[in-house]
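Notes follow the structure.
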Amino acid sequence: MKKISFIHAADLHLDSPMVGLKHLPQNIFSRVKESTFTAIKKVTAAAIQHQVDFVILAGDLFDGEDRSLRAQSRFRTEMLKLAEKEIPVYVVHGNHDHLNGSWVHLDMPSNVHVFTSEVETKVLHTQNGVSIHLYGFSYPTQHVYDRKIVDYQKKDGADFHIGILHGNESTGVEHDNYAPFSVNELQKKEFDYWALGHIHKRAVLSETPPIVYPGNIQGRHKKETGRKGIYHVTLTELDYKMDFLETADIIWEEIVVDASSANNFLEVLQLCQTTINNARREQTGTLLSLFLKNLDLEDARVQRSVKGELLEILLEDEKGEDSFVWVVDLTITEGQQIDKEILKKDANFYAELFETIDHYDDVDHALSSLYNHPLGRKYIEHLPIEEQKELVMKAEKLLIELLYQS
């Protein structure tokens, strides 16, 4: 029975700037900055360990269109490791590392096959005599909104057919609608596997055939929580097998803890320490957003000062840990929640304030100075509607708490 084995990875974002983390201790920040390179090393190590027939990299290998020499050089080193084992690599470039960017070109070894700006077919014959057609294209510019899926046409003459597509499933609302497609469209192509990229959250859109987002190989901010990695895929003429392999050196986590049972500072501290130790992963760093809800201590003075001192104590023992859990965000909500309806009755000011907030729809203008800043323009995309609403809600909560306290 004919069989092939390959690695499917996407969204490497090598040399990602990891914006907003410079406040970390130098050793931890250095490790975070290195994390995308650590992850790609794990990708190549997995390919060699499992003796795969080939590797697919489904877009956004580099974090920006300038493709730094540092990122290209480190990527080339990993590709050379695969070349030594005669493992070919099939690459499409996405919206972040499109072909129209300006960069100093660094030649890649001959085992790296890059798809052009038009959908094309690349042919591979494995050492076991199996023939494969791989179909794909690279983004010619950053914004590709055409339904490129119509250009994918199955060609006879291969044992297996694999589509590579960096794009957005049409019903997805959280991402820009680049190279949109529907699951039904992909299924009609009658390929054996679809290797997708662009969405950083791991997802299997279909099992017949497998239509798969592996997610990115390394989380870059607190919105990209949980395990990150790649798929090791085995296809036969009758079935398939997919094994998820973790590659991230740094994991982002978000944990909500009910602190209503804590009566004093020591109990709060012990509760947080237990949470941190439960989140610890062997030989992996964790950047944790910790939410303490329903905190209601007996001593009001301790309640007011708990956040700063608590965070300082929690971080003391993490600086030298290889398997550190660093709290990057500590949010505390008190047991007694502020009632907006009561505030409206207390003063007309609050009623007018809430009315203004409820109808506020100019978030883009408020953030324009950020979007127009040279660095902001390079690394920050406009927030989707849901994130805009979340930002307004957080601003409202902070404003109410500050007014209420005063």
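The values are calculated or read from the model by the stated rules, or taken from the named source; none is laboratory data. Keep in mind that this is a model prediction, so the values were computed, not measured. Neighbour counts run over all protein chains shown; Cβ positions are idealised from the backbone, glycine included.
Looking only at the stretch 63-84, which residues are of a type outside the set (Ser, Thr, Tyr) and free of Cβ contacts under 8 Å to residues at least 24 places away in the same chain?
Glu84
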*Name the one entry in Asp107, Asp151, Asp146 that is more than 20 Å from Glu169 (Cα to Cα) and assigned by TED's automatic domain parsing to the domain that holds Ala47.*
Asp107
_Within the stretch 230-255, tally of residues that are in contact with a Pro (Cβ under 7 Å, 6 or more places away or on another chain) and within 14 Å of Ala46 (Cα to Cα)_ = 3
*Please give the number of the condition Ser170 fails out of (1) without any contact (Cβ under 8 Å) to a residue 24 or more places away in the chain; (2) in contact with a Ser or Thr (Cβ under 6 Å, 6 or more places away or on another chain); (3) over 28 Å from Gln388 (Cβ atoms).*
(3)
*Read through the list (1) without any contact (Cβ under 8 Å) to a residue 60 or more places away in the chain; (2) among the aliphatic types (A, V, I, L, M); (3) assigned to a strand (DSSP E or B), then give the number of the only condition that Ile87 fails.*
(3)
*touching a Pro at 6+ places or on another chain (Cβ under 9 Å), more than 17 Å from Asn95 (Cβ to Cβ) and among the charged types (D, E, K, R) - does that describe any residue in the stretch 202-219?*
yes
_Top-ranked residue of the stretch 275-301 - restricted to ones that are touching a strand residue (DSSP E or B) at 6+ places or on another chain (Cβ under 9 Å) and in a helix (DSSP H, G or I), ranked as surrounded by the most Cβ atoms within 10 Å (Cβ to Cβ)_ = Ile276
*Tell me, which residue of the stretch 255-271 that is crowded, with 16+ Cβ neighbours inside 10 Å and part of a strand (DSSP E or B) is modelled with the highest pLDDT?*
Ile255
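Listed here are the residues, each with its yes/no results for (1) among the aromatic types (Phe, Trp, Tyr); (2) on the phi > 0 side of the Ramachandran plot.
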residue	(1), (2)
His13	no, yes
Phe37	yes, no
Thr44	no, no
Ile56	no, no
Gly59	no, yes
Leu69	no, no
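Report, by residue number, each residue of the stretch 55-84 that is in a loop (DSSP other than H, G, I, E, B) and within 24 Å of His232 (Cβ to Cβ).
The answer is Gly59, Asp60, Leu61.
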*Taking the stated definitions as given, is Gly285 small (Gly, Ala, Ser), modelled with pLDDT of 95 or more and within 30 Å of Gln218 (Cβ to Cβ)?*
yes
*asked:* When you check Phe29 against the structure, is it aromatic (Phe, Trp, Tyr), surrounded by fewer than 21 Cβ atoms within 10 Å (Cβ to Cβ) and outside any loop (DSSP other than H, G, I, E, B), yes or no?
replied: yes
*Considering only residues of the stretch 181-213 that are buried (at least 20 other Cβ atoms within 10 Å of the Cβ) and in contact with a helix residue (DSSP H, G or I) (Cβ under 8 Å, 6 or more places away or on another chain), which is nearest to Ile4 (Cα to Cα)?*
Trp194
